[in-house]
Amino acid sequence: MTDISVKGLVKSFELGKNILDGLSFDIAEGERVGILGHNGCGKTTLFRILTGEIGYDEGAVAVASGKRMGLISQIPVYPPDWTTEDVLRDAHRELYKISARLDELASLMEHDSSEQLLKEYDRLSEDFRLLGGYDMEVDRNRVANGLDIPQSMREQLFDSLSGGERTRVNLARLILEKTDILLLDEPTNHLDLRATEWLEEYLLHFKGTVLAISHDRFFLDKVARRCIEISDGKAEFYSGGYSFYVTERQKRFEEKLRKYEKDQAKIDQLTRAAEQMHLWAFMGNDKLHKRAFSMEKRIAKLEKTERPKEDKKLSAKFKAREFNGDEVFVCEGLSKSYGEKKLFSTLDLTVTGGERIALIGDNGTGKSTLVKLIMQQEIPDSGYLYLGPSVRPAYLPQIIHFSDESRNLIDTMLYDCRCQPQEARDRLGAFGFRGEDVFTQVGALSGGEKSRLRLCMLMGSDINFLILDEPTNHLDIASREWIEDAISQYSEALLFVSHDRYFIEKFATRVWYLENGRVTDYRGTYNEFREYQARQAVFNQAAKTEVRKKEQPLRKSSLNKDKQLARLEKEISKLEEQIAALDKEYEAFSSDYQKLMELDAEKMALNDKLMAAYESWEELSE
C-alpha cells in the first residue's frame, strides 16, 4: 500500500525559477526514507506541501486516506497559560474525552440502568483500553524521559521554553499521538547523544512511515532504508542508507563523466568525418552531403549532453603553528556551579600536543561551560587551569556573535582581521563567499554561514590549540564534509564539543564523557568508548547480581529438606506479595518519573530474589 504519492510536482517562489521541477516519487507504507540535498534545494518546501501548509503550481500529491501525518518542524500555537505538561497531555486529548464520558456515564448509571447506557459504557471502556488509556501516564513519562524533558521543564510554561526545547516537546507530543506518518525535519538538531539514540530506537520499532530530512549522517545510516536526493528540482533514488548513497552517488557521477567524455570524443570524430564528406561532395559526389548532414544530426543530439556537475569543494585550511612544550592545557581541582546547580567539581585534566579530544555528555552537564573556562571567559569556583606559554588557541563558540553585525562580510574581515582588501576577498572566496556575497550584512547570514565566516577569520591566524563547540550545527552535509577536510589537515591539539557521532568517530582519539559532575577520561575512539561503556554496564550488573546472591539467607546445609522447603515457600509467597504491592504503587506514582525509576530498581531486586528462591525450591523438590 502506498502512503504518499507525488507526481510531477512543480513549485516556484520566484518567477521563472522552479525550486521543485517535476518531482515524482512514491513512499510505501512502513518505509523509512532519508530526504537529501543541499540547503535550499526544496526539502522543507516539500514537507510543507505534504502537510498542506502551502500549495503547489503543478502536479499531484496524494496521502493515503485515514492516515494521520505529523511534521516535527511545525510547532502549533498553544494557549499562553499552557505548561509543557499540558502540551504533552494534549496528545491524549481523545482519551481524556473518553474518560470524561465514562465518568459521566457512571454517574448516570447510579440512577438509570438502561441497556443503552450499559452498551455505550462497555463500548467506550473497550475503546479506552485498546487506545492505551490505562498506559498513557506511563507512556508520557517514558517518552519525556527519553527526549530529555525533565519534570522541571514539564512544569514550565510552554511559551517560556527555548526553540530547541519546544522542538523536543513537540516531537514528544507527536510520538505520543501515535501518528501514522512522521515527517522529521532535522529532528536531532536539539537532542543530545542519549536522546538521539533513544529516538533512533523508537523509529526502528515504529510501525508507521518515516520521512527524515537530516544532516546527521549517523542517524540516516541507522534509520533510513532508502534515500531520495532532491537535485535540480527532481528526485534521484538510492536503495540504501547514507553510506550507500555516498558510494553510489560517486559511482553514478563517474559513469556520467565517462559517458560525457566518450560523447565528446565521438563528436570530434563525427565532426571531422562530416567536414571531410562535405569536401568530397564538392568534388562531384553529392550523395556524401546527405551522409554528412546525417552525421551532423547525430552530433546535435550528442551536444545536448551536459557535463555532470561535481559539488565545488572549498580549499581553505587551518594555519597550524608548531607546538613547543609538554602540556597544552592543565586543570587541577576545577569546580563550577551556578547557584545551587553544581556542574562539576575537582576535575583534573591534561592535554598534550597533537591530541584530538571529544567532550561529550548530556545537555546541561556543563560542556560549554568547561570550554569557556579554558578560554578564560568564565571564572572557576575553585581549582586552577593554565595554557602552556607557546599555546595559541582559537575558539569557535556554539552561539556566534560579531563585533558589529551591521557591517558586511568584507568590512568585518578588514576591521577584525586587520588584512588587506584583496586578502580579505581571497579568504572569503576560499570559504564560499564570492561575488556580491561579500557585501551581505553579517546579521543577515544564516547560522551555518556565520559558522563559516567565523572559521574564515580563525583560519587566518597561526594556532596550535583549536577549540570547537558544536562546529557542525546548522551546516548541511556538504559544509560538514568541507569542515572535516579542513580539520583533517590540521595536526595540532583539538578539543571539540559535538553531538555529531560521525564527526566524533572521525576525529576523536580521546573522549571526555561529562556526567554527574565527573569526567570519564577514555583514550580511544568513540566506538571503542561505547564498547567500553557496554562492558562496564555488564560488569556492574554482574557485580550487583553477585551481591544479591550473597545476601540470600538460604543455608541448605544447616536445615533438613522439609524445613528448607517450608521456609522457601514462605519466602516465595512474601516476595510475590511485595511485587504485587509495587505494581499498585506504579499507578499511584505514574507521573513521578524519579519514583518510577526507584520502583523499577526495587522490583528488579525482588524479581532476582524470587527467581533464586524458585531455583532453590526446584532443586530441593527434585
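The values are calculated or read from the model by the stated rules, or taken from the named source; none is laboratory data. Being a predicted model, the structure only gives us computed values, none of them experimental. Backbone-built Cβ (ideal geometry, glycine too); neighbour counts: all protein chains shown. These area figures cover heavy atoms from the full protein model, side chains too; ligands, DNA and RNA do not enter into them. Shrake-Rupley method; radii C 1.70, N 1.55, O 1.52, S 1.80 Å.
Residues checked against (1) assigned to a loop (DSSP other than H, G, I, E, B); (2) among the small types (Gly, Ala, Ser); (3) open to solvent by less than 50 Å² (accessible area, probe 1.4 Å); (4) within 28 Å of residue 65 (Cβ to Cβ):
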| site | (1), (2), (3), (4) |
| --- | --- |
| 136 | no, no, yes, yes |
| 145 | no, no, no, no |
| 159 | no, no, no, no |
| 168 | no, no, yes, no |
| 172 | no, yes, yes, yes |
| 196 | no, no, yes, no |
| 201 | no, no, no, no |
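If you check residue 258 against the conditions, is it farther than 30 Å from residue 202 by Cα, in contact with a helix residue (DSSP H, G or I) (Cβ under 9 Å, 6 or more places away or on another chain), among the charged types (D, E, K, R) and in a helix (DSSP H, G or I)?
Criteria not met by residue 258.
For residue 222, are the conditions met, namely being surrounded by fewer than 19 Cβ atoms within 10 Å (Cβ to Cβ) and either assigned to a helix (DSSP H, G or I) or basic (Lys, Arg) (or both)?
no
Just a yes or no: is a residue in the stretch 35-51 under 30 Å from residue 233 (Cβ atoms), open to solvent by 60 Å² or more (accessible area, probe 1.4 Å), at pLDDT below 90 and among the small types (Gly, Ala, Ser)?
Yes, the stretch 35-51 contains a residue that is under 30 Å from residue 233 (Cβ atoms), open to solvent by 60 Å² or more (accessible area, probe 1.4 Å), at pLDDT below 90 and among the small types (Gly, Ala, Ser).
Looking only at the stretch 509-523, count every residue that is open to solvent by less than 10 Å² (accessible area, probe 1.4 Å) and out of contact with any Ser or Thr (no Cβ under 6 Å at 6 or more places or on another chain) and tell me the total.
Count: 3.
Scan the stretch 225-252 for residues that are touching a residue at least 40 places away in the same chain (Cβ under 8 Å), of a type outside the set (Phe, Trp, Tyr), over 30 Å from residue 177 (Cα atoms) and open to solvent by 40 Å² or more (accessible area, probe 1.4 Å) and report the count.
3
Within the stretch 179-193, count every residue that is open to solvent by 10 Å² or more (accessible area, probe 1.4 Å) and either without any contact (Cβ under 8 Å) to a residue 40 or more places away in the chain or under 27 Å from residue 471 (Cα atoms) (or both).
Of the residues in that region, 6 qualify.
Please verify whether residue 96 is free of Cβ contacts under 8 Å to residues at least 60 places away in the same chain and within 35 Å of the chain's Cα centre (by Cα), treating the condition exactly as stated.
For residue 96, the condition - free of Cβ contacts under 8 Å to residues at least 60 places away in the same chain and within 35 Å of the chain's Cα centre (by Cα) - is met.
Among the candidates 382, 406, single out the residue that is under 20 Å from residue 444 (Cβ atoms), surrounded by fewer than 18 Cβ atoms within 10 Å (Cβ to Cβ) and at pLDDT 90 or above.
406
So which residues in the stretch 337-365 are open to solvent by 20 Å² or more (accessible area, probe 1.4 Å) and within 30 Å of residue 146 (Cβ to Cβ)?
Within the stretch 337-365, 337, 338, 339, 340, 341, 342, 345, 362, 363, 364, 365 meet the criteria.
Name the residue, out of 445, 475, that is within 26 Å of residue 410 (Cβ to Cβ), at pLDDT below 80 and surrounded by 18 or more Cβ atoms within 10 Å (Cβ to Cβ).
Residue meeting the stated conditions: 475.
Pairs needed: first member in the stretch 323-341, over 16 Å from residue 369 (Cβ atoms); second member anywhere, polar (S, T, N, Q) and not in a strand (DSSP E or B); C-beta distance under 8 Å; at least 6 residues apart or different chains.
Pairs found: 323/390; 323/464; 324/390; 325/390; 326/352; 327/352; 328/352; 328/464.
Quick check on this structure: which one of 301, 287, 313 is modelled with pLDDT under 85, within 24 Å of residue 473 (Cα to Cα) and out of contact with any Gly (no Cβ under 6 Å at 6 or more places or on another chain)?
313
Using the structure shown, decide if residue 78 is open to solvent by 50 Å² or more (accessible area, probe 1.4 Å), over 17 Å from residue 178 (Cα atoms), in contact with a helix residue (DSSP H, G or I) (Cβ under 6 Å, 6 or more places away or on another chain) and among the aromatic types (Phe, Trp, Tyr).
So residue 78 does not fit the description; no.
Please list, ordered by first then second residue, the pairs with beta carbon atoms under 8 Å, 6 or more apart or interchain, first in the stretch 105-121 and modelled with pLDDT of 85 or more, second of a type in the set (A, V, I, L, M, F, W, C) and loosely packed, with under 13 Cβ neighbours inside 10 Å.
121/106
Kindly state which strands (runs of 3 or more DSSP E) lie completely within the stretch 1-48 and contain at least 3 residues that are farther than 22 Å from residue 223 by Cα and in contact (Cβ under 8 Å) with a residue 12 or more places away in the chain.
2-14, 17-28
Does the stretch 112-122 include one or more residues that are in a helix (DSSP H, G or I) and open to solvent by less than 50 Å² (accessible area, probe 1.4 Å)?
Checked the stretch 112-122: at least one residue is in a helix (DSSP H, G or I) and open to solvent by less than 50 Å² (accessible area, probe 1.4 Å).
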